[in-house]
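Below: the structure, in C-alpha cells.
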Amino acid sequence: MTSKQDWIASPSQPLHGELTIPGDKSISHRAVMFAALADGVSRIDGFLEGEDTRATAAIFARLGVRIETPSASRRIVHGVGVDGLKPPAGDLDCGNAGTGMRLLAGLLAGQPFDSVLVGDESLSRRPMRRVTVPLARMGARIDTAEGGLPPLRIHGGQALAGIDHTLEVASAQVKSALLLAGLYARGETVVREPHPTRDYTERMLAAFGVDIEFSPGHARLRGGQRLRATDIEVPADFSSAAFFLVGASIVPGSRLRLRAVGLNPRRTGLLAALRMMGADIAEENHRVHGGEAVADLLVRHAPLRGIEVPEALVPDMIDEFPALFVAAACAEGPTVVRGAAELRVKESDRLAAMATGLRALGLRVDETPDGATLHPGALQGGRIESHGDHRIAMAFAMAAQRAQGEVRIGDVANVATSFPGFDALARGAGCGLAHTP
C-alpha cells in the first residue's frame, strides 16, 4: 500500500518549455500483454514506468513470461504464445490498474488454470460485473466479491464460445476483455458499442498479426489465432498531456510544446472541447508510430469561454474530464456536461470529487446524475481531497496555478500510477508545486 502524501500548489509564472510526457498507459498495458502472448521476441520503447503498468508486467512475469528491462522505458518481452502461460503461484496483484484487471479477466478466462486478480483499496471498490457478465455468456466462470467487486476468482479450463454482444455502456476496457477472450473462443466474437470507444486493442492486435475487422463502434475476430512478435513505440499519453494543455491555456503568457503525443481519434475529445472553448493548440510534426497517430502539440495561453460539451465527445474524453473542469473553472460563462455517468465509477466518483473540490475553492457547481453545470469565478486557496485519484490530484495542481492562494491537495501518492515524475516536470515548466514536509 502506497503511503499518503500531500502537495502544496500555488499560483505560477507563465508555463514555458518543451516537455516529454511519459508513455501512454493504455498502450503500455496492451503492449506487454500482446507481446507476452506472441510467438517470438518483441521490443517496447516508451513504456510507461508507472505503478499500474509495472504491475501488469509483473503479472506476466509470474505467468512465466521473461521480460527484460535494458533501460528505463524499454522492455524486451520473450513471448510464450497464446497457449504458453503458466499457472501462477498465488494471487495476481493489479495494483490500481482497472485496465489491467479488466483485460486480464478476459485473457485469463480462456486459460487452462485457475487465477485470482486482486487490487489495491481503490481498485477493490470498482465494479466488475460489466466485464464478468458478458464473459459468462462466453462460458467463463468468474467469481467476485459481494456487489460484483474484486477480487476476481477465475476458473480455468472452461470451453469459451464466441458471442455477438452489444455493450450497454460504451467501454474500451470491456470491449478489449471480450476480444481477448475471443482469441480463446470457438467461432467468432463480435462486439458492438452504443458509442465508439478507443480502438487501441484492435489496432495493436492487427499490428501483432491478428486478423481483426474493426470500425468505429464495431469489432470482430475469430478464435484460435496466434500473435507474432513485433516492436512497439509507445507515444506520449494524451491523458497525461491534458493537464499541461489546460495549465498552459489558463495561465497568462504561457507557451508549452509537448513532444510526440498520441492522437488516437477515440482519445482526443478533450482537444476538440478545448478548441471549442477557444484554446490555442497547434499540431506539428505529424507521424505514425505502431499504427497510432502522433504529433507535437504547441499550446499557448488563450481566453476560454464556457460551452455545452457535445455528448458525442464524452466517450472520447472520459479520462480527461477532471482537466476539462479546471479549464471550465477559468472560462468566461458556464460549462455544461451531460452524458458522463461513467465518471461516477472511475478511481473515484470524479463528478462528485471535482464538484466538491471546486466548491472548496469558491466556485458554484450544480451536479446532476450524469454531469454538472460549472459556473466559473475567481479560484480561492483551500484544501482539496483527491480521494487517492491521480487525475483529481493533477487537475487541482493545475487549477492552483490560477488560484488566489495556496491549495493543499491531499492523498496524491497514486499520481505515480499513471504519471511518475509529474511534480518535477510541472515545476520545471514553471508550476508552483511542492510536497508537504
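The values are calculated or read from the model by the stated rules, or taken from the named source; none is laboratory data. What you see is a predicted model, and the numbers here were worked out from it, not measured in a lab. All Cβ positions, glycine included, derive from the backbone under ideal geometry; neighbour counts span all protein chains shown.
Some values worked out for this structure:
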read-out: Residue in region 133-185 that is nearest to the chain's Cα centre (by Cα), counting only those that are polar (S, T, N, Q) and in a loop (DSSP other than H, G, I, E, B); value: 171
read-out: Matching residues in region 304-352 - criterion: being under 21 Å from residue 397 (Cβ atoms), touching an Asp or Glu at 6+ places or on another chain (Cβ under 8 Å) and among the charged types (D, E, K, R); value: 346, 347, 350
read-out: When residues of region 398-418 are limited to those that are part of a loop (DSSP other than H, G, I, E, B) and at pLDDT 90 or above, the one nearest to the chain's Cα centre (by Cα); value: 412
read-out: Residues within region 280-314 that are of a type in the set (A, V, I, L, M) and closer than 17 Å to residue 263 by Cα, tallied; value: 11
read-out: Every pair of residues 6+ apart whose Cβ atoms lie under 7 Å, when the first sits in region 241-265 and is surrounded by fewer than 24 Cβ atoms within 10 Å (Cβ to Cβ) while the second is aromatic (Phe, Trp, Tyr); value: 263/238; 264/200
read-out: Residue satisfying condition, being surrounded by fewer than 19 Cβ atoms within 10 Å (Cβ to Cβ) and either modelled with pLDDT of 95 or more or in contact with an Asp or Glu (Cβ under 9 Å, 6 or more places away or on another chain) (or both), within set 81, 119; value: 81
read-out: Strands (runs of 3 or more DSSP E) contained entirely in region 4-66, each with at least 1 residues that are acidic (Asp, Glu) and crowded, with 21+ Cβ neighbours inside 10 Å; value: none
read-out: Members of region 20-43 found to be in contact with a Lys or Arg (Cβ under 7 Å, 6 or more places away or on another chain), farther than 18 Å from residue 180 by Cβ and of a type outside the set (Gly, Ala, Ser), listed by number; value: 20
read-out: Residue within region 407-428 that is of a type in the set (Val, Ile, Thr), surrounded by 18 or more Cβ atoms within 10 Å (Cβ to Cβ) and over 26 Å from residue 53 (Cα atoms) present; value: yes
read-out: Single unsatisfied condition, residue 182 versus (1) over 30 Å from residue 215 (Cβ atoms); (2) of a type outside the set (A, V, I, L, M); (3) crowded, with 19+ Cβ neighbours inside 10 Å; value: (1)
read-out: Residue in region 38-50 that is free of Cβ contacts under 8 Å to residues at least 60 places away in the same chain and not hydroxyl-bearing (Ser, Thr, Tyr) present; value: no
read-out: Count of residues meeting criterion [in contact with a strand residue (DSSP E or B) (Cβ under 8 Å, 6 or more places away or on another chain), buried (at least 18 other Cβ atoms within 10 Å of the Cβ) and in a loop (DSSP other than H, G, I, E, B)] in region 194-222; value: 4
read-out: Unmet criterion (only one of (1) without any contact (Cβ under 8 Å) to a residue 12 or more places away in the chain; (2) under 20 Å from residue 172 (Cα atoms)) for residue 25; value: (1)
read-out: Positions within region 338-364 being more than 25 Å from residue 416 (Cβ to Cβ) and either touching a residue at least 12 places away in the same chain (Cβ under 8 Å) or in a loop (DSSP other than H, G, I, E, B) (or both), in sequence order; value: 338, 339, 340, 341, 355, 362, 363, 364
read-out: So residue 388, is it among the small types (Gly, Ala, Ser), touching a helix residue (DSSP H, G or I) at 6+ places or on another chain (Cβ under 8 Å) and part of a helix (DSSP H, G or I); value: no
read-out: Qualifying positions in region 186-229 - within 21 Å of the chain's Cα centre (by Cα), of a type in the set (Val, Ile, Thr) and over 13 Å from residue 167 (Cβ atoms); value: 201
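Let's see how each residue does on (1) among the basic types (Lys, Arg); (2) not assigned by TED's automatic domain parsing to the domain that holds residue 122:
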residue	(1), (2)
16	no, yes
32	no, no
45	no, no
53	no, no
61	no, no
64	no, no
75	yes, no
97	no, no
